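Everything on this sheet refers to the single structure shown next.
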Amino acid sequence: MKITPYTRMVFYHETDHMNIVNHSNYIHMTEEARVDFMGKIGVGYEAMEKQGVMLPVLGVTCRYLRSLHFGEHFSVYSYITKYNSFKLELKYEIFCRESGEKCAISTSSHCFTNTSIKPIRICDKYPEMDTFFQLATEVSY
């Protein structure tokens with residue numbers, strides 16, 4: 001499955017007095033990228049939630065390599081690193097489009113639940129959704 005990365009410009013409100021992106025905003029960027037990624041692989045959040053499937057965050061990490069600045073454009077490449085129909089883990093690589101430099105590497109882990117936040121295995125009740133996630137483990141850019 002071939003897709004495009006999530007791309008946009010750094011907004012002024014994401015920066016500090018030195019025009020450097022505040023560290024917490026990289027997590028917001030990866031969340032935006034995850035929503036975009038899931039839509040591109042065919043499992044958009046809105047459709048998933050209409051079926052009664054939620055995907056709460058269990059944890060996030062971020063390693064900062066180079067600062068992004070106001071006005072720069074960045075791309076986020078999202079990859080599924082673990083999927084077992086119960087748990088989903090992703091890796092994100094954030095690049096500055098102007099310089100080509102890698103700015104951050106982030107991860108997020110999630111579990112599938114019903115609307116009562118009770119864990120579920122989506123392969124049991126949602127085999128089509130399960131197939132989309134299995135195929136997306138081989139995504140390329």
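Cβ under 12 Å from His73's Cβ, His73 left aside: what net charge do those residues give with Lys, Arg +1 and Asp, Glu -1?
Working: positive: Arg8, Arg97; negative: Glu72, Glu98.
Summing Lys and Arg as +1 and Asp and Glu as -1 gives 0.
Remark: relative contact order (the chain) = 29 percent; criterion is Cα-Cα distance under 8 angstrom and separation of 6 or more residues. On the chain, 54 percent of the accessible area sits on carbon and sulfur atoms, based on a 1.4 Å probe. Counting Lys and Arg as +1 and Asp and Glu as -1 over every other residue whose Cβ lies under 15 Å from the Cβ of Thr107, the net charge comes to +3.
Any idea how many Lys pairs in the stretch 22-141 come in under 17 angstrom at the alpha carbon, given 8 or more places apart or on separate chains? Write down the numbers at each step before the final one.
On the way: Lys40/Lys91; Lys50/Lys118; Lys50/Lys125; Lys82/Lys91; Lys87/Lys118; Lys87/Lys125; Lys91/Lys102.
The number of close lysine pairs in the stretch 22-141 is 7.
Ranked highest first by average number of other Cβ atoms within 10 Å, how do 98-104, 31-37 line up? Write down the numbers at each step before the final one.
Working: 98-104: 14.6, 31-37: 19.1.
Ranked from most to least packed, the peptides come out as 31-37, 98-104.
Computed per residue of the chain from DSSP H runs no shorter than four, each worth -39500 (n - 2.57), the mean residue ellipticity at 222 nm is -7000 deg cm²/dmol. Computed on the stretch 1-132, the Cα convex hull volume stands at 108 Å³ per residue. By its C-alpha gyration tensor, with a ≥ b ≥ c as the square roots of the eigenvalues, how is the stretch 45-105 shaped: rounded for a/c under 1.5, else prolate for a/b larger than b/c, else oblate? Cα axes put the stretch 45-105 in the prolate bin. Based on protein heavy atoms only, the chain ends up with 53 Å² per residue of surface accessible to a 1.4 Å probe.
Under 5 Å between amide hydrogens, built in the peptide plane, is the criterion, and for Thr15 it picks out Asn22 among residues at least 5 positions away or on other chains.
The values are calculated or read from the model by the stated rules, or taken from the named source; none is laboratory data. Since we're looking at a predicted model, the values are computed, not measured. Using ideal geometry, Cβ is built from the backbone for each residue, glycine included, and neighbour counts are taken over all protein chains shown. With ligands, DNA and RNA removed, areas are computed over all heavy atoms of the protein, side chains included. Shrake-Rupley method; radii C 1.70, N 1.55, O 1.52, S 1.80 Å.
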